[in-house]
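Chemist: Attaching a single structure in structure tokens format; questions to follow.
The values are calculated or read from the model by the stated rules, or taken from the named source; none is laboratory data. Values in this document were obtained by computation on a predicted structure and should not be read as measured data. Quick reminder, even Gly has a Cβ in these numbers, built from the backbone with ideal geometry, and neighbours come from all protein chains shown. Surface accessibility is based on the protein's heavy atoms, side chains included, excluding ligands, DNA and RNA. Shrake-Rupley method; radii C 1.70, N 1.55, O 1.52, S 1.80 Å.
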Amino acid sequence: PDGVVDKYISIAPGSKPKGELIDFCESRKEDFIPIYSSVIPELGVEVPESAFVSPYAVVKGNCKVGNNVLVSQRAYIESSSLGDGANAQESCYIVNSTYDGMNVTAHGGKVINAHLGRKVFTGFNSFVRGKADAKITVGKECIIMPHTIIDAVEPITIPERNLVWGYITKQADLEANSLSLDEVAKIKGQFRLGNMSFDGLGSAFVKAFQNRIEHILEVN
């Protein structure tokens, strides 16, 4: 909706970007200083031989790293559990969250106070923010589209194998901002739901997206 993005990020000529998304990142920026000033930073977490945590990532609090996990440089992991095969790409933030495994968090994705089932894809620059009393639960094999904002004011549960997009703050918002992948695969031609419009072959879209996720996990 008009005006929503300005709450999270906006910029005026001659000034720096501002908003809640900028504040979130800025408040954690100093945690990277000792990482980049140290030749061999202390990770403070046990990492299996099959996993890789970049020495230029921040890992703090009570964290767990499973087998075949990848944590890329400039990723920020705090008090979270990354199940086997999880993938945390560059500049993503995962805070107070649990990943069941084989999850992909794309560049710039942010996940706070959430529980993600297996094979959940969190898109580029998406902002998934639950709260201690309003946690977000995402079912297995869901796809959260790039630039999606889920900023919970109440507990939110997303059913498994759903495509999610747009701006969501409460459970009812899912009605106009999500659709099961099985329903997406049935689309032929033009389709509109809420502020989302789609024109094409839904089955091709789902297949291409799932193949891309499998490729990322395979390379991982």
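Chemist: Here are GLU78, GLU30, GLU26: which of them is touching a Lys or Arg at 6+ places or on another chain (Cβ under 7 Å) and within 30 Å of THR169 (Cβ to Cβ)? Working first, answer last.
Modeler: Details: GLU30 fails: touching a Lys or Arg at 6+ places or on another chain (Cβ under 7 Å); GLU26 fails: touching a Lys or Arg at 6+ places or on another chain (Cβ under 7 Å).
After ruling out the rest, the residue left standing is GLU78.
Chemist: Looking at the stretch 1-40 only, could you name the residues that are open to solvent by 90 Å² or more (accessible area, probe 1.4 Å) and among the hydrophobic types (A, V, I, L, M, F, W, C)? Reasoning before the result, please.
Modeler: Keep residues of the stretch 1-40 that are open to solvent by 90 Å² or more (accessible area, probe 1.4 Å), which gives 1-2, 6-7, 11, 13-14, 16, 18, 23, 26, 29-30, 33, 36-37, 39-40.
Within the stretch 1-40, ILE11, ILE33, VAL39, ILE40 qualify.
Chemist: While we're here: Please go through the stretch 165-184 and give me each residue that is without any contact (Cβ under 8 Å) to a residue 24 or more places away in the chain and either under 15 Å from LEU116 (Cα atoms) or of a type in the set (Ser, Thr, Tyr) (or both), ordered by number.
Modeler: THR169, SER178, SER180 - these are the residues of the stretch 165-184 that are without any contact (Cβ under 8 Å) to a residue 24 or more places away in the chain and either under 15 Å from LEU116 (Cα atoms) or of a type in the set (Ser, Thr, Tyr) (or both).
Chemist: Of these, LYS110, LYS140, LYS119, which one is among the charged types (D, E, K, R), closer than 18 Å to LEU217 by Cβ and in contact (Cβ under 8 Å) with a residue 60 or more places away in the chain?
Modeler: Values: LYS110 fails: closer than 18 Å to LEU217 by Cβ; LYS140 fails: in contact (Cβ under 8 Å) with a residue 60 or more places away in the chain.
The conditions single out LYS119.
Chemist: If only one of ILE22, ILE77 is in a strand (DSSP E or B) and out of contact with any Phe, Trp or Tyr (no Cβ under 6 Å at 6 or more places or on another chain), which one is it? It would help to see each step written out before you state the result.
Modeler: Numbers: ILE22 fails: in a strand (DSSP E or B).
Going through ILE22, ILE77 in turn, just one is in a strand (DSSP E or B) and out of contact with any Phe, Trp or Tyr (no Cβ under 6 Å at 6 or more places or on another chain): ILE77.
Chemist: Filter the stretch 169-190 for residues that are open to solvent by less than 20 Å² (accessible area, probe 1.4 Å) and closer than 18 Å to LEU201 by Cβ and give the result.
Modeler: Matches in the stretch 169-190: LEU181, VAL184, ILE187.
Okay, residues lined up against (1) in contact with a strand residue (DSSP E or B) (Cβ under 8 Å, 6 or more places away or on another chain); (2) farther than 30 Å from GLY3 by Cβ:
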{"site": "PRO13", "(1), (2)": "no, no"}
{"site": "LEU21", "(1), (2)": "yes, no"}
{"site": "SER27", "(1), (2)": "no, no"}
{"site": "ILE33", "(1), (2)": "no, yes"}
{"site": "SER37", "(1), (2)": "no, yes"}
{"site": "GLY44", "(1), (2)": "yes, yes"}
{"site": "VAL47", "(1), (2)": "yes, yes"}
{"site": "PHE52", "(1), (2)": "yes, yes"}
{"site": "PRO55", "(1), (2)": "no, yes"}
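Chemist: Ok, one more. Only one of (1) under 21 Å from ILE216 (Cβ atoms); (2) open to solvent by less than 40 Å² (accessible area, probe 1.4 Å); (3) in contact (Cβ under 8 Å) with a residue 40 or more places away in the chain; (4) more than 16 Å from the chain's Cα centre (by Cα) fails for VAL65. Which number is that?
Modeler: (3)
Chemist: Among the candidates GLU160, GLU154, which residue alone is more than 22 Å from GLY108 (Cβ to Cβ), of a type in the set (Asp, Glu) and in contact (Cβ under 8 Å) with a residue 24 or more places away in the chain?
Modeler: On the way: GLU154 fails: in contact (Cβ under 8 Å) with a residue 24 or more places away in the chain.
Exactly one of GLU160, GLU154 is more than 22 Å from GLY108 (Cβ to Cβ), of a type in the set (Asp, Glu) and in contact (Cβ under 8 Å) with a residue 24 or more places away in the chain, namely GLU160.
Chemist: While we're looking at this one, here's another question. On the basis of being within 26 Å of ASN67 (Cβ to Cβ) and not in a strand (DSSP E or B), does PHE205 make the cut? Let's see the steps before the verdict.
Modeler: Details: within 26 Å of ASN67 (Cβ to Cβ): no; not in a strand (DSSP E or B): yes.
So PHE205 does not fit the description; no.
Chemist: Regarding ALA176, is this residue part of a helix (DSSP H, G or I), closer than 27 Å to GLY3 by Cβ, out of contact with any strand residue (DSSP E or B) (no Cβ under 9 Å at 6 or more places or on another chain) and modelled with pLDDT of 95 or more? Full working, then the answer.
Modeler: On the way: part of a helix (DSSP H, G or I): yes; closer than 27 Å to GLY3 by Cβ: yes; out of contact with any strand residue (DSSP E or B) (no Cβ under 9 Å at 6 or more places or on another chain): no; modelled with pLDDT of 95 or more: yes.
In short, no.
Chemist: Step by step: first the residues of the stretch 23-69, then only those that are more than 17 Å from SER80 (Cβ to Cβ) and of a type in the set (Asp, Glu), then the one that is modelled with the lowest pLDDT. Which residue is that?
Modeler: GLU42
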